[in-house]
Amino acid sequence: MKVGRIISTAVLGFLLFLFVGIDLVLFGVVALDSIVLTLFPLLGLAVGTALGVAASKRHTSTT
Amino acid sequence: MIMRLSMRFLGAITMLGAVALVSPASVAHASLSGPCEATGTFQTGTKSDGPFTINAKSLGSATVVIPREDTVNWTGAVDVPAQSRSYSGSITVKLPPGFGSVTIDSWNSTSDNVANDGVEEYKLPSLVPAGVTFVVSGQHKEPGATCAGTVHVQIEGGAFDSPLAPASLVLTGLSGAGFVAIIRPMFRRIV
């Protein structure tokens, strides 16, 4: 398992979900004080970490 | 001084738009508790509805759409005896849970006035996004009177009136592309 890959995936997941949350605010889908903006980046971090672990295992098993 | 007081509190409840960015304030929808009154008349108003007046006490729960720039005739009053007294208050914009709020104006002084009115021009920078709901809270305290209100305000226009929207979309795309690229091994076939 590669720690670097997991961290990269987690960071990118965090950023992706953060910007999606910001898009939702800027396009008027949710209000500025919505909890979505708080939860989305954390959700992205969790999803990114999980996928990073999975991708890392998969990558290791194929090499 | 109390003039100032009512003007600013009015700002909190009535004139938010300008609030954050220019100077005092602009109006909006709201719930207003306490012995305070505040009204604001937008001289030009929105493109769709033209000039309009808002009374903070009688506003319902609807979000008020304000123009990006306008001139507002405002009035403010506090129902207390007209004698010298200290007062304080603030106006804040609510941020997402966990991030608290941003104080955009506050006041603290003494006065013997109980009402005021005036005219305020404002022009919001293009960076301030249109169509986004801002939740603005104001509070004013003095002996015998505590007023508090919340205002939901949107600036008239669409998301692309501000450069923030395209910038955010680009960043979303870039981070999405990076994310997909890095998890690609998951989707490779194991032979």
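The values are calculated or read from the model by the stated rules, or taken from the named source; none is laboratory data. The model shown is predicted, which means the values in this text are computed figures rather than measured ones. Cβ sites come from the backbone with ideal geometry, for glycine too, and all protein chains shown count toward neighbours.
Can you name the condition, by its number, that B:Thr133 falls short on among (1) in contact with a Ser or Thr (Cβ under 8 Å, 6 or more places away or on another chain); (2) farther than 30 Å from A:Gly48 by Cα?
The number of the failed condition is (2).
Specify the residue that is surrounded by the most Cβ atoms within 10 Å (Cβ to Cβ); the eligible residues are those in the stretch B:124-162 that are over 12 Å from the mean Cα position of the chain (by Cα) and under 18 Å from A:Ser34 (Cα atoms). Before you say what the answer is, go through the steps one by one.
If we filter the stretch B:124-162 for residues that are over 12 Å from the mean Cα position of the chain (by Cα), which is where we start, we get B:125-127, B:129-131, B:139-148, B:156-162.
Narrowing the set further to residues that are under 18 Å from A:Ser34 (Cα atoms) leaves B:129-131, B:159.
Numbers: B:Pro129: 26, B:Ala130: 21, B:Gly131: 20, B:Ala159: 20.
My answer is B:Pro129.
Taking the stretch B:92-110, which residues are at pLDDT 90 or above and among the aliphatic types (A, V, I, L, M)?
B:Val93, B:Leu95, B:Val102, listed by residue number.
Rundown of residues vs (1) of a type in the set (Lys, Arg); (2) under 26 Å from B:Ser48 (Cβ atoms), yes/no style:
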{"site": "B:Ala62", "(1), (2)": "no, yes"}
{"site": "B:Val72", "(1), (2)": "no, yes"}
{"site": "B:Gln83", "(1), (2)": "no, no"}
{"site": "B:Pro97", "(1), (2)": "no, no"}
{"site": "B:Asp117", "(1), (2)": "no, no"}
{"site": "B:Lys123", "(1), (2)": "yes, yes"}
{"site": "B:Val153", "(1), (2)": "no, yes"}
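Identify the residue in the stretch B:30-60 that is farther than 25 Å from B:Gly144 by Cα and outside any strand (DSSP E or B) and, among all such residues, is modelled with the lowest pLDDT.
The residue in question is B:Gly60.
If you take just the strands (runs of 3 or more DSSP E) that sit entirely in the stretch B:84-175, which of them hold at least 1 residues that are in contact with a Lys or Arg (Cβ under 6 Å, 6 or more places away or on another chain) and more than 9 Å from every other protein chain (Cβ to nearest Cβ)? Can you show your working first?
Working: elements: B:85-94, B:101-111, B:115-123, B:134-142, B:145-155.
Passing ranges, in order: B:85-94, B:101-111, B:134-142, B:145-155.
Going through A:Leu37, A:Leu18, A:Leu12, A:Leu43 one at a time, which residue ends up being more than 9 Å from chain B (Cβ to nearest Cβ), part of a helix (DSSP H, G or I) and closer than 29 Å to B:Pro163 by Cα?
Working: A:Leu37 fails: more than 9 Å from chain B (Cβ to nearest Cβ); A:Leu18 fails: more than 9 Å from chain B (Cβ to nearest Cβ); A:Leu12 fails: more than 9 Å from chain B (Cβ to nearest Cβ).
Residue meeting the stated conditions: A:Leu43.
Select from the stretch A:20-57 the residues that are in contact with a Leu (Cβ under 8 Å, 6 or more places away or on another chain) and over 21 Å from B:Val135 (Cα atoms) and list them in ascending order.
A:Pro41, A:Gly44, A:Gly48
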